[in-house]
Amino acid sequence: MAPVDLSGISIFLPLLSFLLVFVIVFVVLNKTKVIEQKFWELLVAFLVAIVFVSAVGPREYVLAIVPWFSVLLLSMFFLLLIAGFVGSDFLKSTGPTIGKVVIGLLVLMFVISAVVVFSNYFAPYLPGSVGGGDPTASRFFNWLYSGRVAGAILLLVVAGAASWILAKSK
């Protein structure tokens with residue numbers, strides 16, 4: 001049997017991705033009623049699809065975010081499945097129960113395993129790391145971990161606590 005050459009389909013892939021983005025954006029705009037008129041919904045969907053197909057940035061963003069989103073959805077599914085096995089009455093009761101402890105331990109295990117598995121991705125951006133990573137992102141994270149930002153965050157926490165105490169006292 002002779003092999004089938006499907007390389008010609010690559011000509012239609014940009015058109016198919018344009019149509020997919022156009023339809024998704026139009027349906028979302030139509031269902032959410034963000035824009036009331038069909039003309040403007042179609043125009044915005046058309047412009048978003050053109051930008052998505054013609055610019056490299058959005059495609060790279062989608063290619064980077066889809067695997068993370070699928071991992072998040074799968075993890076949330078498993079956590080909700082386990083919470084369903086524990087029972088729904090654990091949320092209604094006050095104080096620590098076996099169900100709450102089990103769910104807390106599962107969430108803790110999930111967070112620890114996520115940190116271990118994905119540590120190679122965010123390790124270059126943590127303070128004290130040596131090399132690696134995007135230079136622009138490294139500059140941003142060096143700024144984020146600076147004393148100025150830490151002081152601003154501390155001031156925000158203190159202001160929030162003071163506001164909460166003052167609002168609660170009246």
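Here is a list: SER10, SER17. Which entry is assigned to a helix (DSSP H, G or I), at pLDDT below 85 and more than 23 Å from the chain's Cα centre (by Cα)? If you could, list the steps in order and put the result at the bottom.
On the way: SER17 fails: more than 23 Å from the chain's Cα centre (by Cα).
None of the others qualify; the one that does is SER10.
Do we find that GLY99 is at pLDDT below 70, not polar (S, T, N, Q) and not in a helix (DSSP H, G or I) in this structure?
On the way: at pLDDT below 70: yes; not polar (S, T, N, Q): yes; not in a helix (DSSP H, G or I): no.
When the stated conditions are applied, GLY99 does not pass them.
Read through the list (1) under 30 Å from VAL117 (Cα atoms); (2) in contact with a helix residue (DSSP H, G or I) (Cβ under 9 Å, 6 or more places away or on another chain), then give the number of the only condition that VAL56 fails.
(2)
Residues that are in contact with a helix residue (DSSP H, G or I) (Cβ under 6 Å, 6 or more places away or on another chain) and at pLDDT below 70: does the range 103-124 have at least one?
no
The values are calculated or read from the model by the stated rules, or taken from the named source; none is laboratory data. Fair warning: this is a prediction, and the values are worked out from it, not measured in the lab. When we count neighbours, we look across all protein chains shown, and the Cβ atoms used for this are built from the backbone with ideal geometry, even at glycine.
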